[in-house]
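J.: Could you have a look at this structure, given as structure tokens, before my questions?
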Amino acid sequence: MMHNSNNDDEILIAYMSNQYDFSYYSKIKQTIILDYLQKQNAAFHAENDQFRILTTKYGKPYVEWDRQSKCASPVHFSVSHSKDYWIMAVSSNPVGMDIEWAKERSYKSECSIFFHEAEQLYLEKRPWELTKIWSAKESYSKYLGIGMLKSPQFFTVIENDHLMNRIGTIDILPLYYFEGYHCFICGQIKNYRLVKYD
């Protein structure tokens, strides 16, 4: 884990086993956001600062504060799940997160509509890296707040035949904590804290 003394820049990455029903995950999202806010600001009190989780027309989740709230801190989060894991990143800045089970899946030319030309060339040489490239790409599209609804060909995570670690000022960081999975977090990453919830 990365460490830094400034809590304002810390990203909370919460994970748990992917075994519960939808209503449980709806509740745990609020719990994780509250935990994050209380760590960021000891004066934060959940009973006085109510919020709802809504989604944009593209499906990006966001926090809407109650009009009476004294807090109204910016909170951004991203959620992903794959096979055994459910994962969520929470930050005071925009963030994107994706996890993909690294099962035997290879790139085929009929998948090209999902990839930029540079990614297609990369995957033609390394077809076994399909889920890794997909996870990096999806984390960035979640950061942008568009998911894969906009053409995924409009940006690339490959440059000079290598997986990029940033696009402009936005970091794309692989997380190697989940054996058998590809996991990426995307945003302005200075430090993060990984916490298991169950």
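J.: Lysines within cross-link reach of residue 60: Cα-Cα under 28 Å, excluding same-chain residues under 8 positions apart?
T.: 27, 29, 39, 70, 83, 103, 132, 137, 142, 150, 190, 196
J.: Count charges around residue 53 for me, please; just the other residues with Cβ under 10 Å from its Cβ, Lys/Arg as +1, Asp/Glu as -1.
T.: Surrounding charge for residue 53 is +1.
J.: Which three numbers, in whole Å and largest first, are the semi-axes of the equivalent ellipsoid of region 102-198 derived from its Cα gyration tensor as √(5λ)? The partial results should precede the final answer.
T.: Values: eigenvalues 99, 55, 31 Å².
Semi-axes from the Cα gyration tensor: 22, 17, 12 Å.
J.: Tell me, what is the FRET efficiency for residue 73 and residue 112 to the nearest 0.05, using R0 = 45 angstrom and their Cβ-Cβ distance as r?
T.: With R0 = 45 Å, the Cβ-Cβ based efficiency is 0.60.
J.: Under 8 Å for C-alpha pairs, at least 6 residues apart: give me the relative contact order for the chain, rounded to a whole percent. Don't skip to the end; give the middle numbers.
T.: Working: 381 pairs, mean separation 54.3, N = 198.
Averaging sequence separation for qualifying contacts and normalising by length gives 27 percent for the chain.
J.: Fewest Cβ neighbours within 10 Å first, please rank 142, 132, 83, 190 accordingly.
T.: Working: 142 29, 132 20, 83 12, 190 15.
The order, fewest Cβ neighbours first, is 83, 190, 132, 142.
J.: Give the Debye-formula value of log10 I(q)/I(0) at each listed q (0.17, 0.19 Å⁻¹), with one equal scatterer per alpha carbon of the chain, two decimals each.
T.: Reported log10 I(q)/I(0), two decimals: -1.15, -1.38.
J.: So, by mean Cβ neighbours within 10 angstrom, what's the order for 116-127, 169-180, 86-97 with the highest one leading?
T.: Listed from highest to lowest mean packing, they are 86-97, 116-127, 169-180.
Every number here is computed from the coordinates shown, using simple stated rules; none is lab data. Owing to the predicted nature of the structure, the values given are computational and were not obtained by experimental measurement. Cβ atoms come from the backbone with ideal geometry, glycine included; neighbour counts cover every protein chain shown.
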